[in-house]
Structure formats: C-alpha cells, structure tokens
Amino acid sequence: MKIQSTARRSALRRSTARLVWLIAMAAPASLLQAAEEPLVLGVFPRFNASETTTRYTPLAEHLSARLGRQISLQTSRDFVSFWRGVEEQRYDIVQYNQYHSIRSAKTYRVIAHNKEFGKSTIAGVIFVRKDSGITSLAQLRGRTVLFGGGEDAMIGYIAPLYMMLQAGLKKDEFKSQFAVTPINSVIGVFRRQADAAGSGDIVLGQPAVKSAINPDELTALAVSEQLLHLPWAVKRTMSPQLREVIQSSLVDLENSDTGKHVLKAALLTGIGKAEDKDYDPHRKMVRLVMGQP
C-alpha cells in the first residue's frame, strides 16, 4: 500500500507541474511582463513636479498599456536633481534637453524628438528692444545679456552664445546674467533689466509673454539655424526589441484620437523619430561654447 501511495503522489506532482507549465505558456504576454520591474520615465522639469505629473501621466499610462508593463513617472523638483537622475541612470526612458543628450550619449540612446507648436525644430534667438539702438552683435560688447535658463540651456544659452562667439565676441567682453526661463529673459529685456536676451524663436508668441509685455517692442538681433527639438532617449542597455516598441508607441501618438489627447496634455503636437547623429549640429555649438566633445 505504501508503494502505491508513493507512486500516486509522484504522479500527482508530475500532473501538477505540467498543469502549471501549461497555464504559464497560455498566459497573455502582458501578464508575464507585469511581473517585470517597472520602467522609470523621467521628464525634463520645464514645469513644477505637480504639473509635470498632470501633463505626463496620460503618456505614461499609454506606454504602459502598449508595453503591457508598468511605467513609473518620476518627477524632479529642479534641473539639478533631474540631471543627477540622468547621471545615476535612474531613468529607463527620458525626455531631456539637447545638451543633456550630448552629455549622456555613452549611457543613453536617442530614439525620438518633440514636436511643439507643429514644428520639429527650434532656433536660438538674441532679442533686443527696438529702441535700444543695437543693430549688430558687436554692439553687445560691454553690455548685459540675460540668458533664459542656466548654462546647460541649449536654446536659451548655448545657441545664443554660440552666435556671439562666432561674431567675434569673447565671454569676458559682456556681462552674462541668467533668468529662470527663456520667457523671463525677454520680459527682463523689455523692462530694461538687460540689453539683450537669449531665448527661443517661439517665445514671443507665448501667452505668458503676451500678457506681460508688448512683444512688438522687441526685435530679433540674431537667429541661429533651426535645431531639432528636445530628444527622447532610452538606456543603451535596453534590448533592441523593447526600444523599438517604445519608439513606435511615441511616434504613433499623433495617428489616433487617443494619442492626440495624450500629446495635448503634454503640450506637444507630436513626437518624431530621431537618433544620436541628428544632434550633431548641437554638438558643434557645445564644442565652441563649452569646449566639450
């Protein structure tokens, strides 16, 4: 009797193991993927943490549904903490500025770029008041330039400074000051707090600018070449299959009503494909301004 009982138990264990295997094989891929670690999405903190959460939660949820895997949206209180997250590779997927992508090229791979206000590109601009009497970059010698953002701001600092250096100016021949945002830099110049502002070519059309000043009293002293917009990147250690699904999920957003709602929430009009070499023009500017490769 003992031998028979042992045999029955053995057979039962084999049957149970086979049943578990069959269930696992039949399980939807999304259920299997759900058991994987969440992918962390980091977003460039152009908005405060609360607004970033509101604007990018729909996108995180959309990606999660497409991948069948949880996406954890991680916000940052400021640019310093955000960049620390990039350096520590805390983000699996990240949207950041062009300078960030250049600095992190060894650990992150560009897969896409923002489209904003219907454009894939943006230019750096140096604005002055029309009544300033300033008509050339050379006239900024000895004057104050208010750049929009810090020294890592691609459009508000690096592109405008690149144009000044190309025109023969040296960094110690003018006074650099920094506004919190490109919007604040043009408002500051309008209010005569500085002689020129480093900003982007779309800034004068922003509601926040129009409600604060009369944009018609400002003029563009110099405009850079058009530069591809903010990039999206993923860790270089990510599998090609997952990277391609993430890329297609972002690029396809503008092709459906649901996707358009996701983009609208994030103040985007689309997301296009991109790769590292698309940011070579930005690298040229960074090399001159920062002396970095």
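What the table shows:
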quantity	calculated
Leading residue by the ranking (farthest from MET154 (Cα to Cα)) among those in segment 248-287 that are among the hydrophobic types (A, V, I, L, M, F, W, C) and either in contact with a strand residue (DSSP E or B) (Cβ under 7 Å, 6 or more places away or on another chain) or open to solvent by 80 Å² or more (accessible area, probe 1.4 Å) (or both)	LEU253
Matching option when the condition is surrounded by fewer than 20 Cβ atoms within 10 Å (Cβ to Cβ), under 22 Å from GLN226 (Cβ atoms), touching a helix residue (DSSP H, G or I) at 6+ places or on another chain (Cβ under 9 Å) and modelled with pLDDT of 95 or more, among LEU169, LEU165, LEU161	LEU165
Output for segment 206-215, where each listed residue is assigned to a helix (DSSP H, G or I), open to solvent by 30 Å² or more (accessible area, probe 1.4 Å) and touching a residue at least 12 places away in the same chain (Cβ under 8 Å)	ALA208
Selection within segment 164-180 - assigned to a loop (DSSP other than H, G, I, E, B) and within 27 Å of the chain's Cα centre (by Cα)	VAL180
Long-range neighbours under 8 Å by Cβ, at least six apart or interchain, first residue under 17 Å from ALA265 (Cβ atoms) within segment 37-50, second of a type in the set (A, V, I, L, M, F, W, C) and in a loop (DSSP other than H, G, I, E, B)	PHE44/LEU230
Residues that are of a type in the set (A, V, I, L, M) and either part of a helix (DSSP H, G or I) or open to solvent by 40 Å² or more (accessible area, probe 1.4 Å) (or both), drawn from segment 57-116	LEU59, ALA60, LEU63, ALA65, LEU67, LEU73, VAL80, VAL86, ILE102
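The values are calculated or read from the model by the stated rules, or taken from the named source; none is laboratory data. Quick caveat: nothing in here was measured; it's all calculated off a predicted structure. Please note: Cβ atoms are built from the backbone with ideal geometry, for glycine as well, and neighbour counts cover all protein chains shown. Heavy atoms of the whole protein, side chains included, go into the accessibility calculation; ligands, DNA and RNA do not. Shrake-Rupley method; radii C 1.70, N 1.55, O 1.52, S 1.80 Å.
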